[in-house]
């Protein structure tokens, strides 16, 4: 995919997100309660608190996903969507799914034979990571989220709850 097509695709997605966001913000309402109501049986309609608009993914992972890239270093942030059981075949990996700001999900395979386990990992928590991305139809996998003991590969990391795991 050419750079122009990628940019055009990103602009179309952003416009779609903004349209949905504006539609939600103007159509959602909640009843007001408390002293501001004119009588106990009257329900006033007050606009709902605005929902933050979806933001774009970090550029490196957005490019990797759009290009169906393999073995590309990416850095991104998101929210832990689901914590999966460890992969215990061969080198052990802590596995979890991260939802990026765009809504795309990626699997993080964090090698716990080389790096410490990410402690207290739970769904709904913010997370930052850097590693090597490999595209697949489910969104992709990020691995190498740790240092390379032999020093031949670029080191990655996971930042969670104020701590860096590498």
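The values are calculated or read from the model by the stated rules, or taken from the named source; none is laboratory data. This one's a predicted model, so the numbers in the text were calculated from it and none came from an experiment. No Cβ is skipped: glycine too gets one built from the backbone with ideal geometry, and neighbour counts run over all protein chains shown.
Of all residues in segment 74-108, those satisfying the criterion of being closer than 11 Å to residue 143 by Cβ and surrounded by fewer than 19 Cβ atoms within 10 Å (Cβ to Cβ) are 87, 91, 95. Checking each residue of segment 63-82 against the condition of being at pLDDT 95 or above, assigned by TED's automatic domain parsing to the domain that holds residue 139, assigned to a loop (DSSP other than H, G, I, E, B) and under 24 Å from residue 126 (Cβ atoms) gives no match. Can you spot a residue in segment 114-122 that is over 22 Å from residue 89 (Cα atoms) and in contact with a strand residue (DSSP E or B) (Cβ under 9 Å, 6 or more places away or on another chain)? Checking segment 114-122: at least one residue is over 22 Å from residue 89 (Cα atoms) and in contact with a strand residue (DSSP E or B) (Cβ under 9 Å, 6 or more places away or on another chain). Checked against (1) crowded, with 18+ Cβ neighbours inside 10 Å; (2) without any contact (Cβ under 8 Å) to a residue 12 or more places away in the chain, residue 151 passes all but a single condition, namely (1). With respect to the conditions (1) touching a residue at least 60 places away in the same chain (Cβ under 8 Å); (2) out of contact with any helix residue (DSSP H, G or I) (no Cβ under 6 Å at 6 or more places or on another chain), residue 133 lacks only one, and its number is (2).
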